[in-house]
Structures are given as C-alpha cells and as structure tokens.
1. What number of residues in region A:63-80 are assigned to a loop (DSSP other than H, G, I, E, B) and free of Cβ contacts under 8 Å to residues at least 12 places away in the same chain?
2. Only one residue in B:48, B:70, B:35, B:56 is within 14 Å of chain A (Cβ to nearest Cβ), open to solvent by less than 30 Å² (accessible area, probe 1.4 Å) and not hydroxyl-bearing (Ser, Thr, Tyr). Which one?
3. Would you confirm whether any residue within region A:360-374 is closer than 21 Å to residue A:183 by Cβ, surrounded by fewer than 24 Cβ atoms within 10 Å (Cβ to Cβ), at pLDDT 95 or above and hydrophobic (A, V, I, L, M, F, W, C)?
4. Can you name every residue in region B:164-196 that is among the small types (Gly, Ala, Ser) and either assigned to a loop (DSSP other than H, G, I, E, B) or open to solvent by less than 20 Å² (accessible area, probe 1.4 Å) (or both)?
5. Quick one: count up the residues across region A:242-269 that are open to solvent by 20 Å² or more (accessible area, probe 1.4 Å), under 23 Å from residue B:268 (Cβ atoms) and away from chain B (no Cβ under 14 Å).
6. Quick check, is residue B:3 over 22 Å from residue B:144 (Cα atoms), at pLDDT below 95, of a type outside the set (Ser, Thr, Tyr) and open to solvent by less than 30 Å² (accessible area, probe 1.4 Å)?
7. Starting from residues that are polar (S, T, N, Q) and within 21 Å of residue A:227 (Cβ to Cβ), keep the ones in region B:166-187 and report whichever is nearest to the other protein chains (Cβ to nearest Cβ).
8. Would you mention how many residues in region B:206-261 are more than 21 Å from the chain's Cα centre (by Cα), within 10 Å of chain A (Cβ to nearest Cβ), open to solvent by 30 Å² or more (accessible area, probe 1.4 Å) and not basic (Lys, Arg)?
Amino acid sequence: MSIRRALPSLTALAVAFAASCDTQPDYGLDAIDSMQTPPDDPSLGCGVVLTPDSNKATDRAGCTYSAGAHPSDSLGIPKSTLAQIPIRHVIVLMKENRSFDELLGRLHDLGQPDSEAVPASYANPDAQGNPVAPSHAQTTCIPFDPEHQSAAMARCVDGGKMDGFVQNAAATTASDGSFAIQYYDDTDLPFYYWLASTFALGDRDFAPTVSGTYANRAFSLFATNAGVVDTGIQYPPPNTPSIFHSLMNAGFTWGAYSDGLLLSGTLDWAQGDPGTHTMQELYDALDKGTLPNVAFVDGRENYEDDHPLADLQLGEAWVKKLYDHAVASPQWQRLAIVWTYDECGAFADHVPPPSACRAVPSGSPFTEMGPRVPLVVISPWAKRHFVSHVVRDHTATLRLIEALFDLPALTARDANSDALLDMFDFSCGRDLSLQPAPAAGTGGCPNPSPPGTD
Amino acid sequence: MCASAASADDDPQPRFDNRIQGAVVGASFTSAPVGIALMGELGGESAGLRSFADRGALFSWDVRLAAKGGYLGNQHPFLFLIGMHSIAWAEYGFRFASQSVWSPYVGGRVGSELGLMAHPGLSGSAFDTINSVDGVGGVIAVGRLRLDAGVSMLDRTRSLLLVAFAQEELQAPRTNTPSLAFTQGGLGARFDVAGSIIAELDGVWGVTPTRSDALRGIEDRTTRLGFSGSFRKIFGNGMWLGATLLWTRDTDTVAYANGLTYGTANPAMLDVELFFGVPLWRRK
C-alpha cells in the first residue's frame, strides 16, 4: 500500500469523524418539552408573614449550609409558610454588562434617597494618573466594550480600591477610558429609573465572581462556575446539577426565551433545544396565562441586552414591552420579575465586592464576588419604593426560586444565600395598583447599531 | 535499518519483525470539551511488532515521549501550554497454532498516557483559576490493563490481529473532573506489513461504577464510547509518516433521588495528529 493511496482514506476518515463530532453539550433536558406547568393554587393570596431569622442569617454568613439544604432550613421559614407565598411564576430577566453606579447611581438624588449614592470623592485615575470623576454620559450607545474577563476585572477591582476601571477601559479600547466611569440618569432612562424607584431595589447585589458573562451566568444556573472562568468556547459539564433539573425533579417547568443567544450563550443552546422559546412565545404565554414556573429571558446580544455597543434606550424599550405584557397578564398576581445584570462589564462601581461562600469544596476557589449590578424585583407583591441593603449575588435569585418551589440548594453558594424575600410584602390590604409607567427614553443614540453587531 | 523486513535469525520459522524507532516531529488538532487546541511536539518513538518462540508469541508496543506545546482556544487570548506527553503500551500474546498462518490468539496489554502541560507563570495548583483545561492541559494520567482474545494471521511479511478485548481504564482526577474508572469492552485490529506499514484500529465502550452524591441525592454513571486509529507508512530509508485519530464521547446517566433520570452528553473529543519519524540509527 502506498502512502498516496492511504492518505485519501485517512483524510476521509478524519472528515467523517469531524462531521460526527458534536461540539454542543447535551444537558439531557428533553423531558421539559412534554411537561405541563402545574395549575396555580387559587387559594394562594395575601396574608403570608415572613419573619426573618437573624440566627439563620448569621449561620449563612458563616457558610454553615451545604448543597442539598432546603430553604426552610437555611432561611428559618417553615416550609408550610413558604408554600403559601402566592408567587408561582418567576421571570429572570438578566441583562448584560452594566454596573449599579453606571445605571442607577443617580437614583439617590432622583427620587430614591434610600439607595446608595456615589460618594463625591469617588474617582478613578486615567492612564496618566489624573483623577477622572463620574460624569453624565453623552450617549446611550457607547461605542466601546472594555475588556471584562477575570484578569481585567481583577485590575478594575484592584484589591477593593475600585479604581482600575478607567485605566482598564483606556488599555482595552481606542479611548481615554473615561466612559467607564460615566453614568445615566432619569432623563436618559426614564423607564428604568421608574422601575427602580417604584418597585423593590437591591443596592448590595453583586455579580457572583470577578469575571465575565459565562462564569457569572453559570452561577445563576448552577450556583457554581463549574470550571468556567472566562467567556470563551467552554461550557459547564452537562452533568452539573442545575436549577433546570431541580425544577423538573419537583414537577415544575421552566423555559429559556430569547430572539438571540439563549442565556447569552452560556450553555451553547440554540432555538429548538429543549425548553427554548422565542420572545413572541413569552409574550403569548403572558397574554394567555400559560407561563412556565420559571422563565429565563434574554435580549438579542449587543442590541436588546444592554451589552455595549447596544443602545440602552432600545434595551429599555424592550424591557418596557415585556413589562406591559406582564402587568396585563392574567398571571400578574402570581408573578415576580427579577431584573438584573450578569456583571458590571468593567463599568465603574464604587463598592468593594465582599466575599462569599465557596460553592463546591473541590471546585473553583472563587469566593470573591464581582462589582455591584442593578437588581429590581418587579411584582405586585414587591415592596413599593423600597431599597434592600442585603448583600447577595445571583444565587439569591436561585434561592428565591428554591424557596418558592421547595427545592434543595445546588451548592453551598445558594445554600448560604439570602432569597430576596425582604423585597416582598404579602400582607393583606395593600394597594397593589400601579401608576402608569413612563415610556422608554429616546434620542440618546444618534447612530444605533443593527442587531448583533459588536 | 529501523524498519526491517522479516529476518530468519535462529528461529526455525523466520521471525516477523516490523518496527520503527527514532525521533518524531508532529502536529495535532484537538477539539475537546474544554476548547480547541493546536499543538506541536518533538520527541521519540519506538513501535513495532515482533514474533518470538518460533512464531508462538507476539510482542507489540508503542512508546512515544515528546515535548509538546501549543495553544488551547478556550478563552481570549488563547492559552499557551507547554510540557510533555507520553503514550506507552506493550502487549505480549500467544499464537496457539504457531506453525499455521492463522492461529487463535490471546494477549495482555498494559498501557498508560501521561501528560504534564503547564502554562508559563501559572502554578500547577492554580489551574482552577482559569478556564478548565481538563483533558488537554494540566496533569493527564491514564492507566490501562487489557486482555485480548482473537485470531492472528502471520505470514512471512504480514501480520493481522483481530481481537475482542476487555479493559480497565483508570483516569486520575483532573482540575475539574473526578477520577474515573471505566470497565470497558471493545474490538481491535492491527495490521503490519514488515518494513512498510503499521495500522491499528480500536473501538471501545465502557462504563464507570455509579458515583453517589449524598448531599444532593444524585447518582451519576459515566459511559465512554471511543474510536482510535493509527497509521504509519514506513519508507525504504527507515523514515515514517504517521497519523493518529482519536474520538471519544462521555455521556452521563444522572439519576436524582426522586426517580427522574437525565441522559447528558459532553461534547465529543476529537484528536487528529500527523507526525514524521526519522530513525536515529539503523539496525544491522
């Protein structure tokens, strides 16, 4: 046999193997497409009283609880009480790459004085070492996307000094980096400011780790980064226990909704994969009252999701559309929307991230949270015009879902997390009516990018 | 010469002897669950098949040790890795009808794969602070023990082994992957033309014991399906051109305490390598 005769065969064999080489992880969730959402219990309503247990909070701060811990144990609220909470549907609306200070830092002076203000002394040095103070952004479509994976984010946080954002932006974009410490206000984003001021706002909500999209979003689904540190072409091992599995195990449903990258690409899912849906299907589900128990919703990348170079006002209008469907939904009285951001995107925030519990003893050793991100709970049962100062990360949203549906903790991170319950008021006799919401802002971006560009 | 034709020596039947031995330079493409890697390597290899005991026994082996380096595309910028990698196995088997061309055959094989791929400036214990490199970088240690049974065809210039095998494969823990022990079965074929060709093809399927996660009430069992092939063309001057191909996919059956079971699957791993060998000395 000559090498000339053998090579074509080998090449054909290699091509055949390559063609059969499926690079997409399969999370084994096919059953979700045939599951039915349990009917909501019509007897659920107001009157649930949630009494915080300070001892349990101390235990959680000490990382006492492990994977498998039930919310009734770690929150100190009886299972029977949690079962009476009227919320049976949660929309996790996770947007991209904005810090608290950038988006809502001005809220303290614009109608919500209980939210943390940006200190007047806060500044970041520029590349020459000259201080750059926060200033009002002149456009809602910043033409730069600063580096924001783990190494860059560590430089931004700078050991808690929170002074590396401008220099990082200058070093990784064709700019002086000053845009990284700019902010927006209610003239730019009137609907966002209205949401944050009207409903329950958290001003101590941090990204789960000092890195980018994939690691932080992995925490929001698995309560661990599962070996993923930087956004790339790597995904959590598909046998990692997730909130999807927990919900299905207990007979509850979920869906992932987007017209673009589902879950922002974190699991490499595509439309047609189990549990995936378009945004129109979400609007239809809201209109008809057929929401799954938990919906994970993402905008089109760099267009509706607020990720630079997106026009924030376009992303705001996209949220307004979702909100309008939600408040008109027959399931509104059973609904909570958690609007938050996956990570700060290397936009400045002045609050040093605290430490958190190590998720998995043998897993990645990340115990430092990332910079703050906005988090607002939108629900008829959300406390109105309220600010929570409880320290937490994305696993608090997981813990809320686990508390509502009596699911065990996935790792020690969510086991020891708060569950956002201080942001709700289920007492009877409250005025649950809503003032009309303002429209999203306009005119902030002279040349918006078309969808999907970066 | 390193690659020799059959020789008579002292055996009543001429001894079959097909081997390569020398320096190799190679390049590989790997598509793994942790990313895509392009690597180059420089090292040495000895591989071959010989008959002994008047063609009543066969000894086959492949030992390759190389310095290896390249990039893993699991993040931006791509991760540079450098270190060493070795694959080594040896099999001794018996031909029960030694005087016949075709004979029943049984053999035993021990093998290992060892790799130590580091990123300059990153300590070995800090691989958990970067994207997972499991299976491509860090420490790779796999041991295999295999029993073969099948048929051997052996004439003056050609050897063909067709076997079914049972194998135990032990995979040491990696940064983000626990240790795994597979009990496997498979089919293998090896074809040698003395002084000209070494070709192998294996298919293997196996499962691990069930691993229990008591905290979360989960039982997990991993199944591995794999195919590997290698081909070496030996030239008259003793040089050789080789190609290896490896495809594996791990799937997990994850059972939760409440009875629901999920069938998950990792992305497949595909490794294609081309290499060129130069004999360092010639046998007389």
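The values are calculated or read from the model by the stated rules, or taken from the named source; none is laboratory data. All of these numbers come straight from a predicted model, not from anything done at the bench. Cβ coordinates were reconstructed from backbone atoms using ideal geometry, including for glycine residues, and neighbour counts include every protein chain displayed. Note: accessible area is taken over every heavy atom of the protein model, side chains too, but ligands, DNA and RNA are not part of it. Shrake-Rupley method; radii C 1.70, N 1.55, O 1.52, S 1.80 Å.
1. Step one: of region A:63-80, the residues assigned to a loop (DSSP other than H, G, I, E, B) are A:63-70, A:76-78.
Still in the running and free of Cβ contacts under 8 Å to residues at least 12 places away in the same chain: A:78.
Count: 1.
2. Details: B:48 fails: within 14 Å of chain A (Cβ to nearest Cβ); B:70 fails: within 14 Å of chain A (Cβ to nearest Cβ); B:56 fails: within 14 Å of chain A (Cβ to nearest Cβ).
Among B:48, B:70, B:35, B:56, only B:35 is within 14 Å of chain A (Cβ to nearest Cβ), open to solvent by less than 30 Å² (accessible area, probe 1.4 Å) and not hydroxyl-bearing (Ser, Thr, Tyr).
3. Of the residues in region A:360-374, the ones closer than 21 Å to residue A:183 by Cβ are A:370-374.
When the remaining residues are screened for being surrounded by fewer than 24 Cβ atoms within 10 Å (Cβ to Cβ), the result is none.
Looking for residues that are closer than 21 Å to residue A:183 by Cβ, surrounded by fewer than 24 Cβ atoms within 10 Å (Cβ to Cβ), at pLDDT 95 or above and hydrophobic (A, V, I, L, M, F, W, C), one finds none in region A:360-374, hence no.
4. Let us first name the residues in region B:164-196 that are among the small types (Gly, Ala, Ser), namely B:164, B:166, B:172, B:179, B:181, B:185-186, B:188-189, B:194-196.
Correct list: B:172, B:179, B:186, B:188, B:194, B:195, B:196.
5. Within region A:242-269, residues that are open to solvent by 20 Å² or more (accessible area, probe 1.4 Å), under 23 Å from residue B:268 (Cβ atoms) and away from chain B (no Cβ under 14 Å) number 1.
6. Numbers: over 22 Å from residue B:144 (Cα atoms): yes; at pLDDT below 95: yes; of a type outside the set (Ser, Thr, Tyr): yes; open to solvent by less than 30 Å² (accessible area, probe 1.4 Å): yes.
Criteria met by residue B:3.
7. Within region B:166-187, the first condition is being polar (S, T, N, Q), and the residues that meet it are B:167, B:171, B:175-177, B:179, B:183-184.
Cutting the leftovers down to within 21 Å of residue A:227 (Cβ to Cβ) gives us B:171, B:175-177, B:179.
Details: B:171: 14, B:175: 7, B:176: 4, B:177: 8, B:179: 11 Å.
Applying the filter and picking the extreme gives B:176.
8. 10
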